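Below: one structure, written as structure tokens.
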Amino acid sequence: MAEPAPQEDANNDKEDESSDALYSVVDGNKLDANSYAGFKLYRNWCARCHGTYGQGMVGPNLAESLQVITEQEFFDVVKNGKSGTIGSMPAWKSNPKVIAGRDQLYAYLMARSDGAIGVEKPKKQ
């Protein structure tokens, strides 16, 4: 029982030291407010093509894709869309909610891509 408390303290210290961290996950699926907002955007606008947890369906597996593309490339695809050999992603530049929340969306998807949250519905910290 003594081990979880130091682990939690270590996580809290890490968050304090790196306030610029892209995301924060505690207890396996509890996201910081910014990343949780990204989850809500993802659920509303992206999940129908990319799968509930970014695992891919009609659209590619985003957990894998974000391991090979840059943040700027991600933003460009979200804004302008992309055509591929088997399909295309629509441009979201005319959707103010998606464009305004693209940093949040990226933070959430990076938490998935990095394996910080598993294949489960996240909760807000």
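Values in this text are rule-based calculations from the coordinates and carry no lab data. All figures in this text were calculated on a predicted structure; none of them were measured in a lab. Virtual Cβ from ideal backbone geometry, glycine too; neighbours counted across all protein chains shown.
Order the peptides 65-75, 38-48 from the highest to the lowest mean number of other Cβ atoms within 10 Å of their residues. Show your work: numbers first, answer last.
On the way: 65-75: 13.4, 38-48: 18.5.
Ranking, from highest mean packing down: 38-48, 65-75.
So for segment 25-117, what percent of the C-alpha to C-alpha distances run longer than 21 Å? Please report the intermediate quantities before stating the final value.
Values: 970 of 4278 pairs.
In whole percent, the share of Cα-Cα pairs in segment 25-117 beyond 21 Å is 23.
Can you give the FRET efficiency for Glu71 and Lys93, using 1/(1 + (r/R0)^6), R0 = 25 Å, r = Cβ-Cβ distance, to the nearest 0.05?
Values: r = 17 Å, r/R0 = 0.68.
It comes to 0.90.
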